[in-house]
Every structure is written in C-alpha cells, then in structure tokens.
Amino acid sequence: MSVSSEQKVEHEVAGPAPHAAPAAAGTSWWKDEAQEPLRRNLGLVGVLLALFAIGAYIRPDLYSDADWVVNNIMVILTQAAAIGVVTVGMTFVIIGGGIDLSVGALIALSGVWATTLATQSFGPVGMIFTAVAVGIGAGLVNGALIAYGRLVPFIATLAMLVAARGLAAQISGKQTQISADQFINSLATTRIGGIPLLVIILLVVAGLGWVLLNRTTFGRRTVAIGGNAEAARLAGINVRGHTMLLYALSGLCCGIAAIMLTSLATSSQAAAAELYELDAIAAAIIGGTLLSGGRGTIVGSLFGVIVFSAITNLFAIANLPTEVQNMVKGAIIVVAVLLQQVRFSSITQFARRHGLTRAKPQT
Amino acid sequence: MSVSSEQKVEHEVAGPAPHAAPAAAGTSWWKDEAQEPLRRNLGLVGVLLALFAIGAYIRPDLYSDADWVVNNIMVILTQAAAIGVVTVGMTFVIIGGGIDLSVGALIALSGVWATTLATQSFGPVGMIFTAVAVGIGAGLVNGALIAYGRLVPFIATLAMLVAARGLAAQISGKQTQISADQFINSLATTRIGGIPLLVIILLVVAGLGWVLLNRTTFGRRTVAIGGNAEAARLAGINVRGHTMLLYALSGLCCGIAAIMLTSLATSSQAAAAELYELDAIAAAIIGGTLLSGGRGTIVGSLFGVIVFSAITNLFAIANLPTEVQNMVKGAIIVVAVLLQQVRFSSITQFARRHGLTRAKPQT
Amino acid sequence: TSNEQTPTPAQTKGADDTNPNAAAGKAVTIGFSAPAADHGWIAAITNNAKAQAGAYKDVTFKQVEAGKDAAAQRAALDTLIAEKPDVIVLLPHDGKELNAFGLKAMEAGIPVVNLDRAFPDALAYRLQIKGDNYGMGVAAGHYIGKALKAKNVASPIIGEIAGMDELELTQERSAGFKAALATYGFAVANRRAARFTADSGQKEAQNLLQALPKIDAVWNHDDDQGIGVLAAITAANRSEFFMVGGAGSKKAIEDIAADKTVLKATVTYSPSMASSAISLARLIAQGRGMSDLVELQVPKEVILASETITKENASTYLKLGF
Amino acid sequence: MSEESSMSEQPAAAAEAGTGEVVLRLSGVVKTFPGVRALDGVELEVRAGEVHCLLGQNGAGKSTLIKVLAGVHRPDEGDVQWLGEQVAFSGPQAAMKAGIATIYQELDLVDYLSVAENIYLGHEPRSLGFVHKGQAARQARELLGRLGHGEIPAHRLVKSLPAAGKQIVSMARALSHSAKLIIMDEPSAVLAHDEVGNLFRIIRELTAQGIAVVYISHRLEEIREIGDRVTVLKDGRTSAVNLPARTTPTRDLVSRMTGRSIEYVFPPRPDTEPGEKLLEVRGLGRSGEFAGVDLDVHSGEIVGIAGLVGSGRSELLETVFGARQAEAGTVVMDGRGLPPGNVAAAVRAGLGMAPEERKSQALLLGQPIYRNMTLTNFSSYATAGFTDTGKEQAEAMRVADQLELRPRDVRRAVRTLSGGNQQKVVVGRWLLGGTRLLLLDEPTRGVDVGARAELYQVIRDLAANGVGVLLVSSEVPEVLGLSDRVLVMREGRVVRTAQATELSEEDVLDLVMAGSLTAATTEEVAA
Ligand SMILES: Nc1ncnc2c1ncn2[C@@H]1O[C@H](COP(=O)(O)OP(=O)(O)OP(=O)(O)O)[C@@H](O)[C@H]1O
Ligand SMILES: Nc1ncnc2c1ncn2[C@@H]1O[C@H](COP(=O)(O)OP(=O)(O)OP(=O)(O)O)[C@@H](O)[C@H]1O
Ligand SMILES: [Mg+2]
Ligand SMILES: [Mg+2]
C-alpha cells in the first residue's frame, strides 16, 4: 500500500556506523534489515505475554494453577494446529506473490471427501490419502488457472472457494458426515510426551516449511518470484511451473488440515473451516509476510496464528460476550501491529529529537 | 502477481499496424492500451448476453414476455444497487493502492445505528445523516490507521470488520431492528419513470464516481498514489491525507448502501451485508481494476456488479439448488475472466501463426 | 425481532409456589453455551436461558460465549469444564461436531443437556430438548396443503425460502415440508436459500418472485429473514398467494393477527425451549424429577411440538413471540 | 576503416583486437512490439576476446537487441549465429546454458534475497534441491573479491545495498556463469568514477581470457577507453558496423547515431551575476548520512555537488526537498523556513526534484507520458478541481519537443519508453511547473549524447530564466562543465566549495578520494 510500513522502514532504520568512511567502509554501505523479522517476532511474543498477563489478572485462580496453565497452552496450540498448517501453505503462496482465498473451502472439500462412507471404508490411510489428494488436486487447478489461464489469483481462488464449497455440499448432501474411524478420531486426543499430536504435526509441518523456504532452491525461488517476477524469469526460473507448485503446496496443507479438523470434530461438513482464508492471511501478514510478495517468514506466521488462537482463548476465559469480543479483538489486532513497529531506533530518535541525548550522536 | 495478466498484456497486445515506422507508430499503441478497458467491458457485456441467452433457453415462457424481461432487468439492477454503490467506493480504494475489507461490517454498523429507536425518532433525515456519518467516521478511522498508524490496509480493515460487527451487535442487542420510517422504506419501492429509485441512486453515485475519478484532481491523485506512492509523494502530493479521504469515501458509500439495504429489507441487523467485501472486491477486479492499484474504471466495476447480480438472478430462474449454484458460479467467474482475455488480436495472431493470413501482414 | 432485548415474561416460568418443582433445592451451578447470536432466534435462546436461571434463587448461571464456529465453541466449553459446573446446557453449533465434547463431559461426570441440536451418540447427553425441525416442515406443508385443497387449486405453484443451506436443520425442515406436501400430491416449484438475515431474505424472495410470476403459496423458514421476504413481496405488489412463516417471532404473530399481509400463518420453533432446558437442568443437578411425571428423574428426551399459529389463535401465542 | 557506408554489408576486417574468431553473428534481425519496430534489420558481429560496443540514441533498440541475444525476446525475423551454429533460444535459461550472460539495464535483483542468492539465482549450487549455502557464499565472495568488492558480505539482503552495490552484484551474477559472451547494458550508469575504472579492469581480465563482451554506454569516453569495435544503431537499424572504437572521430560517431552532428559540449556560462538568494541551508544533518551541511543557491545559478557514491549527496538532496526528515539544521527558501519532512510544502514553495531512481521514485509506469509529466502540477491546469487533460497534453507535448523525447506521442504509457527516454520524462516534469529551485539527482543517467546536450541547454536556459539549480552527478566533468559553483562532498560533509572554473577534474577527484582536506571549507560556504 501507499503508506505501508515498508517504505518507512527504509528511512528510519539507523545504520550501525554513522560516520564510517565510505572507502573503508563497506560497512556503511547498507543498513541492517536482517533484524526486522526478529523485531516483529519479538513484538508478537510481547503480545502473547501481554495476553497472558491479562488472563492472570482476570482469573488469578486459574493462572495460579501450573497444571492448568500448561494445559491451557496446549489448548491454545491445539486450536492453532489446523489453521497453522494452512498458514504455512498460505505463507508460501503470498511470498510467491499470490493469494489463496480457497483454503477454507478446500479444507471443507477435502474433509467431506475423506469422510464419505465410501472413503471411510478404505480405512484411515484411504481417508488421509483422499484428503491430501483432493487438496493437491484443487490446488493444482488454482495454480493452472493462475499460471496458465492468467487469472488474477484473487479471482481464481475466489472462484475455487465458491465452487469447492458447492461441491462439498453436493458430496455431503449438506449433512454433517461423522467419522467412524477410530484412528482418525484418536489423532486429536493422542498426546506424545504430554504434547498433543496435532501440535506435533503443526511443528513438523512448520519445520519442513522453514527448511523448504530457507534451505532449498524451491524456497529461494519462491522469494524471487514474489519479489521480482521479471528478474526471476530472466534468471531462467520457470515462473509458471513454480506458481502451479505453490498452489499445490497450499492445497496439500489444506488436505492435512482437513484431517486434523475431522479428527477434532469427529466429523466433516461443507460449511467447515469458514473464513479460514481470512485468518490465515491475517496471521501471515501479522507475522511479517508482505502481502505483495517477496518477503515472509514461517516463524512469524506461526506466531501470528498463535496470537489469534491465544486471543480467542483469553476471550473464553474472560467470558466476554461475543459482541464485546469482536470489538476487543479488532483493537488487539491494531495494537499488536502497532507494537511491532515500535523499535529501539525510533525510541532513540524520539529521545534525540527532544534533546535527551543530543550530545551523543554528534561524536 | 507474478504471472498476472498484466505482464502478459505487454507482450501480446498486438497493434493493428505492425509495420508502421516507429515514429508514426505511437498512435496505434496508445490506442490499443486505451481500448483495454473497453475490451474488458465488452467481454462482460458478452457474459451478460450469454446469461440472458441461457435464461431464455431454460425458461422461454418468461423471456418471451417483454414486460417480464424489463421487470427482470430492473430486479437485477435493484439487487446490484447497494453492492454497486459499495463497489464504487471500493474501486477508489483499490485504485489508490489499498483494500477495504470492512465494507460489509460498515454497512451493518451504519444500518443498525440508523435504525435504533432513538435515531428513528429523528425521522428519515436523521437516519440518513446517521448512516452516512457513521460510515464516514469509521472510514476515517480506517484511513487514519493506515495512513498514520502505518498498518497494512488488509489488517487495518480486517480489524475494523471484526470490531464494527461487534459494535453493531452490541447496539442492536443482536436483534433485527425494524425500520418504521415510511419514507426510508418507500425508497425501495419508488420508481421514477419506471426505473427504481435505488437504481437511479446507483447510477448517480457511479456517475459522480466516474467524474471524480476521470475528471478531477482527486481522481488523478488516487491513480497516482496507487500507481507509485513514492513518486506521488515526491511530486508533492499529500499521500497520507489523500489515503484518509479514500477510506472515508468508501465509508460514505457504505453509509449510502446501508440506507438502501435498510429500505429494501425494512430493517437492519448486525449480520447484514454478509461478505459484501468479497463481492465488491471481486466485482471491481472482474471489471478491470488492478488489485495492486493504479488502474481501474468505474464502468468496469459496475459491469462486474451487474454480472454477479445477473448470475444470482439466473440461478433463481433456473431453480438451481444452492450447491450446484456455487459450483456453476465458480465456473462462470473463471469463464467470464477468460472471456475478457480473448481479443481480436489474439485471434488474428492465431490465424497468422497457422498460416491462415500469412500473406497479409507482409504487405 | 424487535428493538427490545428482554425476553417476554411468558417465555420464562417464575418460581410459582403452586409448583412443587419450584421449591428451592440444593444450590447448583449451571454452565451454558450457545453460538454467537447474530440473529433474533439465537439471541432469544440466550436471553431466555439467562432469565429463567435468574428466576431460581438456588441457581448460579455461568455462561460462556461460543464464538463463531464449532471449534471456538469447543474451546469455550473446555474452559467451562474447568469451572466444574453441576450441569451444562449447551446449544451446539453442530450436534455432530460437538458430540465428542458431550462424551467427554459426561465421562467427567457432568450431565449435559443438549439444547436443540442433537448429538448422534446417546451417551453424549443426559437430556436432549429440542424443537422439531422436520415437524416444522411437516406443519407448514400440511397447512399449505390443506389450504390449497380447500381452495381447490389443482396443481399449485409453491415456493420455499429456506434458511442457511449448509445447516442440517435447514435440510430437515425442507425434508419435512416436501414429505407433507407430497401427501397432497404437491411439490415445491422453486426453493431459494437465504441466510437468516432480512437483507438476504429480501434478495432471495425478490428472485423467487421473479422466477415464479404466479404463486399459490410460499413457506419461509424463518420469521427474521421473513421481514425482508415480506418487504420484497410488498415491493413487488404481489398478493395472489399466501405465505407461512417459521419460528414464531412477535412481529410475525402480530402481522398474522392484523391480516394485512400475505403472511397467514407461522409454524413455531420456540426459543422458549431454552427456559425449559434450564429448569430441567436444575432438576437434574438437584436429582429431582418432574413433579407432574411419575418418574423420579427427568426423562432423557423432550421434543417440542411445532405448533401452527394462525389469525385465530394468534392472540394466545403472542406472548410466546420473541 | 569502415568509415564509408553506414549500411555497409561487409563486416570490416579485423579491428585492433578483432583477432579472435567470430562467436556471434546477427543478420537481418527484426523485432516488433505493438506499433513499434524496435529492431529493423540489425547486423552484429562479435569476436572472441573483444569488447564490442553498441552505440545509439535512447530508444535506438540497444536493450531490445541484447534481450534478443539473451533469449528474453524472440526475433521476428533474421538469423542469430552463435559459435557458428544457427540458434533460436527458447528462453533466458537456454541462452545462459549456451554461454551468454547478461547484465540488464534495469536492475534485475530480488530485494529480499541475499547477495549470494541473487548471484546464483536460477543456478544455485545444490543437491537434491537443497542449496549449499556455504558454497554459494564462498563462491560469491570470490566473485565479489574478483570485482574488487570483497567487503560486500555475501549474506546481506540486496535490499540494503545502494544502487552501485546492486550493480556490482549484477556483475557478479553475470560472471557466475562461465560465459563466453557477457553483455552489459549501461553498467556504468550507476557507477561513480573509481568504480568505472574497476569495471574496466574486470572487463580486461575477461577479454584476456578470450571472453567476448558487448558493452553499451552513452559515455563516449568510456567507449574510447575500453572498446575495441563499435556498432551503431539508429532507429532499430544498423547504421555502422565494426568501427574502430579508439580512432573513429566523435563527430562521426554522433552523426551516425543521430543523423546530425552535435558537439558534446556544455552551454556557455552567462556573464551575468546570479540573482537574489533562493535557498539557504544551514547545519543540515541526518545521523549516519551527512552532517553540518551549509549551502546557498541563488536565482539563476547552477550549483553542482560532486562526490563518491555513498558520500550522502542523494540523501542531502532528499532532505532539502523534505523527502527525508532533517534531524538537524534548517532549510530556508525565499527567506522562509521549510517545515522538515514535508514534500508538499517544499513543492508549494517552488522546489522540485528529479530523484535518482526513476522507476521506484519517479514514474507511474503504466500511465501515459503526459500524466507523468504533469504529476506535480496537474492541479494548476484544473478549474475548480476539474482537470484539463487537453491543456496538459499540449504542455507535455511542448516539453517533449524540447527534450527530443521519442516517440513524441505523449499518450503512450511510460513503460514502453526506453530507459533514457524515461529519464527525460522525469526531468521534463519540472520544466512544466513554476519551479524556482530545481534539485537534480543524476539527471543524465542513461541519457544519450544528443539528448544530453539538449538537457544541458535546457538546464542552462532555466537558470537564465532565474531558476536556481542544485545538481548531483557522479560524472565529474558534468559537474564542472555545467555548474557555476561546485560543492565537493566526502563522507557526508562538504569539504570544498569553489567556483567551477577554479577546479580541475583532478582537484575534485583528489578531494573526493584522498584526504587532502582544505581548511577553508566553512568560510567559503558562508561566502
Ligand atoms: N516491451 C515493449 N513494448 C513496447 N515497446 C517497447 C518495449 N520495449 C522497448 N520498446 C520500444 O522499442 C524501442 C527500443 O527500445 P530500447 O529499450 O531497445 O532502446 P535503447 O536503445 O536501449 O534505449 P536507451 O538508451 O534509452 O536504453 C523504443 O522505441 C521502445 O519504446
Ligand atoms: N539503499 C541504501 N541502504 C542503506 N544505506 C544506504 C542506501 N543508500 C545509501 N545509503 C547510505 O547513505 C549514505 C549516502 O549514500 P548515497 O549512495 O545515497 O550517496 P550519493 O552521494 O548520493 O551516492 P550516489 O552516487 O549513489 O547517488 C551512505 O553512507 C550509505 O551508507
Ligand atoms: Mg536501453
Ligand atoms: Mg545518489
């Protein structure tokens, strides 16, 4: 956007060596942007701590019970699990310069397809395979429409959203389909070393996502395509093929999330995962992913998801009426983002401008 | 997006006079560029005609009745009225490089605020004033968060969406508030010269929007800021102030739409105008507005809205079940966008490539 | 469906001395959860529950908001369990999706009263009290069928404006409607699904009227969205048909009594069931039965009959309108 | 040698270094864009181990030609022979595989990838899809070291580099392919003097290894220094091939490029004294960028700022203009102080700035030329808020004529213009409004010889009409030749202020590079 924080950052991050000589100085040639993600994540950690503090203030009885606190953290993470997996895929798509509005619908479609009686008869492997295959397939359709059909991602995935919800309703006959599979249902209740399996799945997916983004050519090329598609093309990268893969990846994440949600709800329905697309996009952006592409981190997205999950949890604990919840949630989102913008340099700048440290920078 | 239609256009739009000398050739090029919106709109008109034809094929009994057809067109336009007004505002915001996810929520908030018993006691003027003032006020908050708080528009308006729905629920006590005002309620039933008043309002708003965008300095600034905010800033344009105004404008449109919806439904509620944001954005994009800003037309947005409205209408006439509706709708969106990309030049190119007209261009 | 927020007194039952069940018992805590209300009926459910609990001195009422979907409600309920209520009254987003919660709470020894949206698993609840969605469709179908037969309409054109199509209750209502009409040899000519909101009702009704230039009867599932439906009908100047509503809002009952619109009847699906659920939950927690019944405990299932409100009986039902 | 026919079919026999065998031969290459025939039968012959220069006016088709070579565009007609075989590259990857590497005119880097990642984008050292980060960094460091910039850390984000640093990364990327032909499209445009020397050192190294280089530049003196043979393009056609780079008279080159003869000279300075003081800057500073800058600009005066890349000149200009917030000091225009960090106020006060990076800072690429030109003052043609595009176009047309913009049609999208013509649009913008003080940051970057002369004349005419000009340029002769007074900056400080006539190029370079600090600085500024 016009007045996005992006542009500003450039002007305000102060360089480490103010007056170093250019010749010797390579050092004064650049300004340090590497800490930017770190700063954002610290901001989000601050938000999480603040939420915790508020909870402890409202309900000292609960928060003084260590078991309860640990369990509550697990509840927060469990609730972040499915949307977190989707957000990992979404982060890739957005970094690659696109957007995927269809994730909620794809979860519903994958979930419904995986819980038809016919599919269930193939057992858990069949169900998981179906969910993942449906997700990838629909993702590939998205990718093909965008890369080869030249549709704007917003429109292509919006069309997919509508169509996939329709198809899911058609398949399920608009009924909630119960999962009779004990293995699938037990995923949500299993804990390994005290940590819910779903949380472990989230961490594994996020870990793989991190490796994929930061350590492989696929990830680095994703950044290149989102940051400068023309440069990527000139560097010989197959931009279209890569774009297909990005949406397929997002679809894969939806398939995984569908299984997780099915397990949690021991059922699936066409209306499931409503508005997950907005939540996932918001989590990614709050985590520092640039909506216009070319920049983003998996860790940030993860924090974004957890912040949203913690907010919901706090609301339940504070037992706010929904309407108040919504008003407060809007405010928290704004504050969370503003908090990330506070940085050391601006504090020092403020101090300097008000003469508090004037003597120093002139040295 | 990386593989958006944008970049392609550059390479593929063929000028009518391929061999004109570079000096003389400018003309054909810009003409072609200028025809781009026209071509898109023609594509949308094609879609409308196709929808009409399908309707006539399915229900010849209805479509053979001229009165019914005229009335049906009025119904389609009436249903496009409120969302159309919102889309005009949205088009400005998007052209200016932003996005407004809060429009549906602002309609609900404005509508609910305007129909409290207290407001209704001030009569229609009080109600209209309230709706518009609430819309503008909330829009200004959006604008301030984005322009001065440096929030990404997606996040700022998402926060507003959540908060405004909450506030609307709070105000209405989650009840459907009935409008007892005869004047307001009669807006929806009034026709002037056979044309529903709401449609006239839409046309007036769109007309004003067109003038504002194409003929005034405000419109020019909007296009400049969306095209390159930094360049606009360095050219001395007050980017922040203008951004505020853009969101206020969108809020104003929401206020107007709120009155229109209240009049149609003779009531208001916090859940009203569900997902209008997606519809408005989709309509604008289908109408040729660039999601990244800097380009767009009011006429295109209007066509976009009407296409969506006509689709819904056709579904009712064909009596499709909801799930089939959704699947078909997804497909129609894709086809509509693909249709816009078909252009004369590519047909001729195709012909040329296959030797059908090879002789000619060599002259 | 009005600008007032308090439930009508008739939707709660005060501690009236003549009723032995009303006598104070041991103090109990009732946990309550219903989906976020964005619509009159759900709002009335919550308000009624609250008001009914307030009528008992021996009841502590703990409400948790259930947020926007089943997942959010599950989260809210988890925190509720931590508070160890004596009984939980719960209107789930989706009965099947929250079945697992019901089992968990019952296993933890907390009786669960399912309000309106059934758990598939009988072990997941102690008491199920609900309206009859299928029966509601049946009632509407019979009213329309009888009325049309009485008018001797041979092959009537019947429209249906459903609620949110992705909800199972909508499917049940439509199924009942279809089945009842079939007994008269009638069928639905066009069915539109709205979103339980007035503006969506208006839009779908407008399209329905467009698709059916001549109609004999319409069933609209929900009186709240019916406000918009009626607005569309009035705006189109259509009056050749009659309409049946659903749920039984005050506005609808008033309109029926006034008989100035096409709305001639509505089939109830009363939010008063929330009040009853609280009363019965109290008895369950206190280990008491219903004084009018022989059994020493509250039964396992109560299904409200869907009643048909017409001009004739509107005055008696007006006090139950929400 | 081949000074006879400009359209000579027969390629000249070996020029000075033309001893290597022919690696690349183009004949009759045609490339049309909608409405424009960018290449209209181009001939080119490049030999191993030579530096083959491409000359031509802005829009002559140089960049288009090299994009054809790089596999970005497919030629509509004509033959491309590479290493003796006829080729048709299916894409950039194919050209790279064949051994052709390219440094494009517009920087083609990815901001949020590191230096090493940018260098190896598309051909990362990898196994099983995993990037060998360490190896990439090591190789990148080697390449950068070879380029004389080992101090650029390979792990930095490219976003944090200034333009010159990015150019070096682009060069490293081209070197990272073991190419037989390296194409450089105006590589020196964003480089300062010493950097260009460095670049030439690299080029000589390359050619010594038998690698052929195609070199594009608008600076004839560079062609003289590094080039072996020259091919001249004019309006998409080859107007001369294989001229000897060192010996062909300038007049000859220019006339083959432009069809007329232009002397590459600066307009004479007028005898009149500058008028009243317009701009007064005192003690201006921003931490880490520059500090304690005092300067004055009078009406009718051209003040030039010389300095190395990174000496803080752009930042100074942007701060004066209010595009950056001053942390210390004042900017006074016409005796009235300008609020810091407020561009709109500066523009109202009569300031205008042509920024350094045209694409990101100045242009609305998708919009017509005239709208880009009137961006600062379209409201002055408006009545009651209603724009008058007719008048805007007429005015823009006038300026387009003045600047020899090509094509002249001001309704074309700026995106379709060649790089140099885009630059003219940026400068042209400020010729329209009532600008009284013009800040120019590298105004002739990428502008061809002919237009450069025009531009100098335009700037001088502006001054003659009472406009004050503050000019930043990395080309020392330009600063000295065009300005009345010169400020030399080093490490964010003004180290010398003097009349242009008092300084020689060597003086300036000396000041800029070494540390011969003149004590007289501050007094002279005050004068
Ligand atoms: N993608 C394009 N679409 C349309 N026209 C183009 C495109 N690219 C280049 N042109 C046109 O082709 C002609 C040649 O442009 P080119 O960029 O090759 O010039 P150049 O010689 O590199 O100029 P400069 O020195 O200014 O960089 C110009 O008239 C330009 O407007
Ligand atoms: N993109 C950038 N990121 C970080 N720091 C920068 C950047 N550009 C410039 N700087 C810093 O600002 C100071 C001035 O640099 P700049 O290159 O703008 O000066 P200049 O004299 O205008 O040189 P140029 O010839 O490149 O315009 C330097 O100390 C440099 O460290
Ligand atoms: Mg060029
Ligand atoms: Mg500079």
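All told, D:LEU113 meets the bar of being facing chain A (nearest Cβ under 9 Å), farther than 23 Å from D:ILE216 by Cα, modelled with pLDDT of 90 or more and within 16 Å of ligand 2 (Cβ to nearest atom). Within the stretch D:433-449, the set of residues being surrounded by fewer than 24 Cβ atoms within 10 Å (Cβ to Cβ) and among the polar types (S, T, N, Q) comprises D:THR435 only. Look at the stretch B:257-268: where a residue is more than 8 Å from chain C (Cβ to nearest Cβ) and on the phi < 0 side of the Ramachandran plot and a partner is of a type in the set (D, E, K, R) and in a helix (DSSP H, G or I), sitting 6+ places away or on another chain with Cβ atoms under 9 Å, you get B:THR262/C:ASP199. One residue stands out in the stretch C:227-252 among those that are under 15 Å from the mean Cα position of the chain (by Cα) and crowded, with 24+ Cβ neighbours inside 10 Å: the one that is farthest from C:GLY135 (Cα to Cα), namely C:ALA252.
Please pick out the residue among D:GLY78, D:GLY71 that is more than 13 Å from ligand 1 (Cβ to nearest atom), among the small types (Gly, Ala, Ser) and touching a Pro at 6+ places or on another chain (Cβ under 7 Å). Talk me through it step by step, then tell me what you get.
Numbers: D:GLY78 fails: touching a Pro at 6+ places or on another chain (Cβ under 7 Å).
The conditions single out D:GLY71.
Restricting attention to the stretch A:146-165 and to residues that are more than 7 Å from chain B (Cβ to nearest Cβ) and open to solvent by 20 Å² or more (accessible area, probe 1.4 Å), the residue that is nearest to A:TRP113 (Cα to Cα) turns out to be A:LEU161.
From the set of residues in the stretch D:460-473 that are within 22 Å of D:VAL281 (Cα to Cα) and touching a helix residue (DSSP H, G or I) at 6+ places or on another chain (Cβ under 8 Å), which is nearest to ligand 2 (Cβ to nearest atom)?
Of all residues in the stretch D:460-473, those within 22 Å of D:VAL281 (Cα to Cα) come to D:462-463, D:466-473.
Among the residues that remain, those that are also touching a helix residue (DSSP H, G or I) at 6+ places or on another chain (Cβ under 8 Å) are: D:462, D:469-473.
Values: D:LEU462: 22, D:VAL469: 17, D:LEU470: 13, D:LEU471: 12, D:VAL472: 6, D:SER473: 8 Å.
Only one residue tops the list, namely D:VAL472.
When you check A:ALA80 against the structure, is it open to solvent by less than 10 Å² (accessible area, probe 1.4 Å), outside any loop (DSSP other than H, G, I, E, B) and modelled with pLDDT under 95, yes or no? Judged against the criteria, A:ALA80 is a match.
Would you confirm, using the coordinates I've provided, whether C:GLY135 is over 24 Å from A:PRO321 (Cβ atoms) and under 22 Å from the mean Cα position of the chain (by Cα)?
Details: over 24 Å from A:PRO321 (Cβ atoms): yes; under 22 Å from the mean Cα position of the chain (by Cα): yes.
So C:GLY135 passes the test.
You will find that of D:GLN167, D:GLN135, D:GLN105, the residue that is among the polar types (S, T, N, Q) and either farther than 29 Å from D:ARG25 by Cα or more than 16 Å from ligand 1 (Cβ to nearest atom) (or both) is D:GLN135 and no other. Residue by residue through the stretch D:83-122, note down the ones that are touching a residue at least 60 places away in the same chain (Cβ under 8 Å) and in contact with a helix residue (DSSP H, G or I) (Cβ under 9 Å, 6 or more places away or on another chain). Answer for the stretch D:83-122, where residues must be touching a residue at least 60 places away in the same chain (Cβ under 8 Å) and in contact with a helix residue (DSSP H, G or I) (Cβ under 9 Å, 6 or more places away or on another chain): D:LEU83, D:ILE100, D:ALA101, D:THR102, D:ILE103, D:TYR104, D:GLN105, D:GLU106, D:LEU107, D:ASP108, D:LEU109.
For the stretch C:104-116, enumerate the residues that are assigned to a loop (DSSP other than H, G, I, E, B) and open to solvent by less than 40 Å² (accessible area, probe 1.4 Å).
C:ILE110, C:PRO111, C:ASP116 - these are the residues of the stretch C:104-116 that are assigned to a loop (DSSP other than H, G, I, E, B) and open to solvent by less than 40 Å² (accessible area, probe 1.4 Å).
Would you confirm, using the coordinates I've provided, whether D:ARG204 is modelled with pLDDT of 90 or more, away from ligand 3 (no atom under 16 Å from the Cβ), basic (Lys, Arg) and open to solvent by 10 Å² or more (accessible area, probe 1.4 Å)? Yes; evaluated as a whole, the condition is true for this residue. The sole residue among D:GLY61, D:GLY56, D:GLY35 that is away from ligand 3 (no atom under 16 Å from the Cβ), within 14 Å of another protein chain (Cβ to nearest Cβ) and within 30 Å of D:LEU403 (Cα to Cα) is D:GLY35.
Residue-wise test of (1) touching a strand residue (DSSP E or B) at 6+ places or on another chain (Cβ under 7 Å); (2) within 16 Å of ligand 3 (Cβ to nearest atom); (3) touching a residue at least 40 places away in the same chain (Cβ under 8 Å); (4) away from chain B (no Cβ under 12 Å).
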position	(1), (2), (3), (4)
D:ASN342	no, no, no, no
D:PRO368	yes, no, yes, no
D:ASN372	no, no, yes, no
D:ASN377	no, no, yes, no
D:GLN393	no, no, no, no
D:ALA396	no, no, no, yes
D:VAL414	no, yes, yes, no
D:LEU431	no, no, no, yes
D:LEU438	yes, no, yes, yes
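Residues of the stretch C:303-322 that are of a type outside the set (A, V, I, L, M, F, W, C) and not in a loop (DSSP other than H, G, I, E, B): C:THR308, C:THR310, C:SER315, C:THR316, C:TYR317, C:LYS319.
Out of D:GLU186, D:GLU195, I need the residue that is open to solvent by less than 40 Å² (accessible area, probe 1.4 Å) and either within 16 Å of ligand 1 (Cβ to nearest atom) or touching a His at 6+ places or on another chain (Cβ under 6 Å) (or both). Which one? Can you show your working first?
Details: D:GLU195 fails: either within 16 Å of ligand 1 (Cβ to nearest atom) or touching a His at 6+ places or on another chain (Cβ under 6 Å) (or both).
Selected residue: D:GLU186, the only one of D:GLU186, D:GLU195 that is open to solvent by less than 40 Å² (accessible area, probe 1.4 Å) and either within 16 Å of ligand 1 (Cβ to nearest atom) or touching a His at 6+ places or on another chain (Cβ under 6 Å) (or both).
Put simply, of B:VAL307, B:VAL328 the only residue that is open to solvent by 10 Å² or more (accessible area, probe 1.4 Å) and assigned to a helix (DSSP H, G or I) is B:VAL328.
For every residue, the table says whether it meets (1) within 16 Å of the chain's Cα centre (by Cα); (2) over 20 Å from D:ASN58 (Cβ atoms); (3) more than 16 Å from ligand 1 (Cβ to nearest atom); (4) open to solvent by 10 Å² or more (accessible area, probe 1.4 Å).
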| residue | (1), (2), (3), (4) |
| --- | --- |
| D:ALA451 | yes, no, no, no |
| D:ARG460 | no, yes, yes, yes |
| D:ALA463 | no, yes, yes, no |
| D:VAL472 | yes, yes, yes, no |
| D:GLU478 | yes, no, yes, no |
| D:LEU482 | no, no, yes, no |
| D:MET489 | no, yes, yes, no |
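Condition check ((1) under 22 Å from B:LEU208 (Cα atoms); (2) within 11 Å of another protein chain (Cβ to nearest Cβ)) across all residues:
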{"site": "B:LEU249", "(1), (2)": "yes, no"}
{"site": "B:LEU275", "(1), (2)": "no, yes"}
{"site": "B:SER292", "(1), (2)": "no, yes"}
{"site": "B:ARG295", "(1), (2)": "yes, yes"}
{"site": "B:GLY304", "(1), (2)": "yes, yes"}
{"site": "B:ASN313", "(1), (2)": "no, yes"}
{"site": "B:ALA318", "(1), (2)": "no, yes"}
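Considering every residue within the stretch D:154-170, establish whether at least one is surrounded by fewer than 21 Cβ atoms within 10 Å (Cβ to Cβ), modelled with pLDDT under 90, under 28 Å from D:GLU221 (Cβ atoms) and hydrophobic (A, V, I, L, M, F, W, C). The answer is yes; a qualifying residue exists. Only residues that are within 13 Å of the chain's Cα centre (by Cα) and charged (D, E, K, R) were counted across the stretch C:253-278, and they come to 0. Can you say whether D:GLY428 is away from ligand 4 (no atom under 16 Å from the Cβ), closer than 24 Å to D:VAL488 by Cβ and crowded, with 24+ Cβ neighbours inside 10 Å, as far as the supplied structure shows? So D:GLY428 fails the test.
Looking across the stretch C:291-316, the residues that are without any contact (Cβ under 8 Å) to a residue 40 or more places away in the chain, closer than 30 Å to C:ALA258 by Cα and open to solvent by 70 Å² or more (accessible area, probe 1.4 Å) come down to C:GLU312, C:THR316. Applying the criterion of being more than 13 Å from every other protein chain (Cβ to nearest Cβ) and over 19 Å from A:VAL328 (Cβ atoms) to the residues of the stretch A:45-63, the residue that is least open to solvent (accessible area, probe 1.4 Å) is A:VAL45.
The values are calculated or read from the model by the stated rules, or taken from the named source; none is laboratory data. These numbers were taken from a predicted model, which means no experiment stands behind them. Here the Cβ is made from the backbone with ideal geometry for all residues, glycine too, and neighbour counts use every protein chain on show. Just so you know, the surface numbers come from the protein's heavy atoms only, side chains and all, with ligands and any DNA or RNA stripped out. Shrake-Rupley method; radii C 1.70, N 1.55, O 1.52, S 1.80 Å.
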